[in-house]
1. Once you put a point 7 Å from the Cα of A:LYS68 and another 7 Å from the Cα of B:LYS41, both along the Cβ direction, what distance in nm separates them?
2. Report for chain A the percent antiparallel among DSSP-assigned beta bridges with both residues inside it, nearest 5.
3. Mind listing which trypsin sites (Lys or Arg not before Pro) in the stretch B:1-104 are in a DSSP loop and have 15 or fewer other Cβ atoms within 10 Å?
4. Write down the percent of antiparallel bridges among all DSSP beta bridges whose residues are both part of the protein assembly as shown, to the nearest 5.
5. To the nearest 20 debye, what charge dipole does the stretch A:46-113 have about its Cα centre, counting +1 at the Cβ of each Lys and Arg and -1 at the Cβ of each Asp and Glu?
6. Order by neighbour count: B:THR75, A:THR107, fewest other Cβ atoms within 10 Å first, most last.
7. For the stretch B:36-58, list residues with backbone N below 20 Å from a point placed 7 Å from the Cα of B:SER83 toward its Cβ?
8. Please sort by residue number the GluC sites (Glu not before Pro) in the stretch B:23-91 whose DSSP state is loop and whose Cβ has at most 13 other Cβ atoms within 10 Å.
Amino acid sequence: GESVGLHLPTLSVQEGDNSIINCAYSNSASDYFIWYKQESGKGPQFIIDIRSNMDKRQGQRVTVLLNKTVKHLSLQIAATQPGDSAVYFCAEIPLHTGNQFYFGTGTSLTVIP
Amino acid sequence: GAVVSQHPSRVICKSGTSVKIECRSLDFQATTMFWYRQFPKQSLMLMATSNEGSKATYEQGVEKDKFLINHASLTLSTLTVTSAHPEDSSFYICSAQREGRGYEQYFGPGTRLTVT
């Protein structure tokens, strides 16, 4: 399978601060990248995606940055809230393999009130 | 829209028995469904890709005779863990791709399997 890894397994931030979660991927041929949020005992929840021909995409309070040169993906969460506490995964999708998702290790984000 | 359910949400079974987990797309047709396994504090590991009406494609290292997948309709895929052992205890998550919507996957809530 593919190899998608995260730099930091845990991250703690103060409520109101910005959070940055990083991800390194290995397949330069991947077409899409997606960030998911997973709360304890639940399935992953879609946050934002980005296509490989883009380097930045913004959503509500979230921004994803893609650096294909170094095969690095980041998720920025603005004004982090306690409800943002969860594990965050990046997934890469090399479409030539049939739309399978390959998930990274995950970063556990804890927001300190 | 795009809701995926799993049943049961939790199951405890004895070692040596088989367990069936259902994955349903409630409000859309899913041409492809995926099955993942997740151990505590670890990532989701893709087990297999299931296409309606055809045999599932298993990832390397996943035993197809142990993890039986059936995708009999466009809204239902089942995963049967046969002759379960304690090491099969895990969180099993399915996802579904909506027909005509490309790569997007919609995830179910997961099934916690405990084998005693």
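1. With each label placed 7 Å out from Cα toward Cβ, I get 3.7 nm.
2. Working: 35 of 40 bridges.
Antiparallel: roughly 90 percent of the beta bridges in chain A.
3. Values: sites: B:ARG10, B:LYS14, B:LYS20, B:ARG24, B:ARG37, B:LYS41, B:LYS55, B:LYS64, B:LYS66, B:ARG98, B:ARG101; in loops: B:LYS14, B:LYS41, B:LYS55, B:LYS64, B:LYS66, B:ARG101.
The qualifying sites are B:LYS14, B:LYS41, B:LYS55, B:LYS64, B:LYS66, B:ARG101.
4. Numbers: 73 of 82 bridges.
Around 90 percent antiparallel, to the nearest 5.
5. Numbers: 6 positive and 4 negative charges, 38 e Å.
About 180 debye.
6. Working: B:THR75 18, A:THR107 22.
In order of increasing Cβ crowding within 10 Å: B:THR75, A:THR107.
7. B:58
8. On the way: sites: B:GLU52, B:GLU59, B:GLU63, B:GLU87; in loops: B:GLU52, B:GLU59, B:GLU63.
Listed in order of number, the matching sites are B:GLU63.
No value in this document is a laboratory result; all are computed from the given coordinates. Everything numeric here is computed off the predicted structure, so don't read it as measured data. We place every Cβ from the backbone using ideal geometry, glycine too, and count neighbours over all the protein chains shown.
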